[in-house]
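Colleague: Next up is a structure, given as structure tokens.
Quick note: the coordinates plus some simple rules give every number you see, no bench work behind them. Treat the numbers as computed from the prediction; the structure is a model and nothing was measured. All Cβ positions, even for glycine, are placed from backbone atoms using ideal geometry, and neighbour counts span all protein chains on display.
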Amino acid sequence: MPAREKPSSGLVGAGLLIVDKDAGITSHDVVARCRKLLGTRKVGHAGTLDPMATGVLVLGVERATKMLGLLALTTKAYTATIRLGQSTATDDAEGETLASADASAVRDEEIAAHVALLTGEISQVPASVSAIKVDGQRAHARIRAGEEVELAARSVTVSRFDVVARRDEGTFVDLDVEVECSSGTYIRSLARDLGAALGVGGHLTRLRRTRVGPFTLDHARTLEQLAEEPAVSLDIDAAAQTAFPHRLVDAAEAESISQGRWLEPIGIKGVYAAIDPGGSTIALLQERGKRASSVMVVRPATLR
């Protein structure tokens, strides 16, 4: 009789899948599609994109789903189009028009001055249809139920906000922009606030995320491309070594941390990967005091 197979370690097919999301579908739709394409229920996402948005969406597959909460995805980059001359209920093109104004007389110098005021560390009120929870419910759910929702301003960092093109469309002015910002920044809110500051209103008509942390469109594939070759973008070792600093450990140290023990710290800040002599990631570690302890054992001794 054939030997009984070992239970799956979750390492086969594990890694990060970087999807170039299409417009018109939710992030949950993407997860559901990837589960079917990869033949596993163990797929999760790190953050979401609005249905109208396209671009980089980071998914974890199999054991790498445990890595998602540890990823340093604190910086993001976008290309977008802002329409001046019209404000909407959702601050984007999918919402009901609230007001319109003639923006054709707005000068480039005025736009540049107000863009500068929206760059750096700023206080921003999130879009009302955001996923922020208010009394346990998502703000967008309360809005759709007909409630009025007022969200508190929060501090965010917009490290880059550049206008790269202007197009005059009758009474509207369309601005193509490039934005780099901290996690939690709403590009829709930048569009709204720029239009309000210029006195003509504004909303977002196009949004494409080009980078999340270290992951860019160069790593990404569309769902159509994934259907042709279903596999992760980065296996669990490449994912760990792309997303985290790393430390080389010897075989004895690798065995020790695979069993849940700790190592001597070496002065690396934040979460980092411990790599054995064969190039495999054994664990993700974090140093606290006199210990470098695992926050995720990638290859526990019981599963190897």
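Colleague: Can you quote the Å³ per residue value for the convex hull of the Cα atoms in region 20-64, rounded to an integer?
Modeller: Taking only Cα atoms, region 20-64 has a hull volume of 59 Å³ per residue.
Colleague: Apply the Karplus parameterisation 6.51 cos²θ - 1.76 cosθ + 1.60, with θ equal to phi minus 60°, to every residue of region 101-107 and state each ³J(HN,Hα) to the nearest whole Hz, in sequence, with x for glycine and proline.
Modeller: Residue by residue, region 101-107 yields 8, 7, 9, 5, 8, 5, 8 Hz.
Colleague: Determine the sum of side-chain charges near R206: Lys and Arg each +1, Asp and Glu each -1, restricted to other residues whose C-beta is under 10 angstrom from that of R206.
Modeller: -1
Colleague: Which percent of Cα-Cα pairs in the chain sits in each 20 Å bin, short to long?
Modeller: Reading upward from the zero bin: 29, 49, 20, 2, 0.
Colleague: Something else now. Could you state the number of Å between the C-alpha centres of region 17-35 and region 202-267?
Modeller: For region 202-267 versus region 17-35, the Cα centre distance is 18 Å.
Colleague: Give me, ordered by chain and number, the residues 5 or more places off T210 or on other chains with an amide H under 5 Å from its own placed amide H.
Modeller: V56, A77, Y78, T79
Colleague: Give a residue-ordered list of calculated ³J(HN,Hα) values for region 285-301 (Karplus: 6.51 cos²θ - 1.76 cosθ + 1.60, θ = phi - 60°; whole Hz; x for Gly, Pro).
Modeller: Once θ is set to phi - 60°, the couplings for region 285-301 become 10, 9, 8, 9, x, 9, 10, 10, 9, 6, 9, 7, 8, 6, 10, x, 4 Hz.
Colleague: Compute the signed sum of charges (Lys and Arg +1, Asp and Glu -1) over the other residues within less than 14 Å, Cβ to Cβ, of M67.
Modeller: Numbers: positive: K42, R63, K66, R299; negative: E62, D235, D237.
Once all neighbours under 14 Å are counted, the net charge is +1.
Colleague: Provide, in order from the shortest bin, the percent of all Cα-Cα pairs of region 226-278 in each 10 Å bin, continuing until the bin that contains the maximum pair distance.
Modeller: Bin by bin from 0 Å, the calculated values are 21, 44, 22, 11, 2.
Colleague: Over region 157-304, what portion of Cα pair distances is larger than 22 Å, expressed as a whole percent?
Modeller: The proportion of pairs with Cα distances above 22 Å equals 59 percent.
Colleague: Starting from region 12-119, pick out the GluC sites (Glu not before Pro) whose DSSP state is loop and whose Cβ has at most 16 other Cβ atoms within 10 Å. Don't skip to the end; give the middle numbers.
Modeller: On the way: sites: E62, E94, E96, E109, E110; in loops: E94, E96.
Answer in residue order: E94, E96.
Colleague: What number, rounded to the nearest 500 deg cm²/dmol, is the helix-based mean residue ellipticity at 222 nm of the chain, given -39500 (n - 2.57) per DSSP H run of at least four residues and division by all its residues?
Modeller: Taken over the chain, the calculation gives -5500 deg cm²/dmol.
Colleague: So what's the angle, to the nearest 10 degrees on a 0 to 90 scale, between helix 27-38 and the longest Cα principal axis of the chain?
Modeller: 40
Colleague: Output wanted: per-residue J couplings in Hz (rounded whole) for region 235-240, from phi through Karplus 6.51 cos²θ - 1.76 cosθ + 1.60, θ = phi - 60°, x for Gly and Pro.
Modeller: Couplings: 5, 4, 6, 5, 5, 5 Hz.
Colleague: To the nearest 10 degrees, how steeply does helix 108-117 sit against the main Cα axis of the chain, on a 0 to 90 scale?
Modeller: In the chain, helix 108-117 runs at an angle near 50 degrees to the longest axis.
Colleague: Tell me, what is the percent relative contact order of the chain, built from C-alpha pairs under 8 Å that lie six or more residues apart?
Modeller: In percent, rounded to a whole number, it is 22.
Colleague: Could you list log10 I(q)/I(0) for region 244-303 at q = 0.19, 0.21, 0.29 Å⁻¹, which the Debye formula gives when each Cα is one point scatterer?
Modeller: -0.55, -0.68, -1.33
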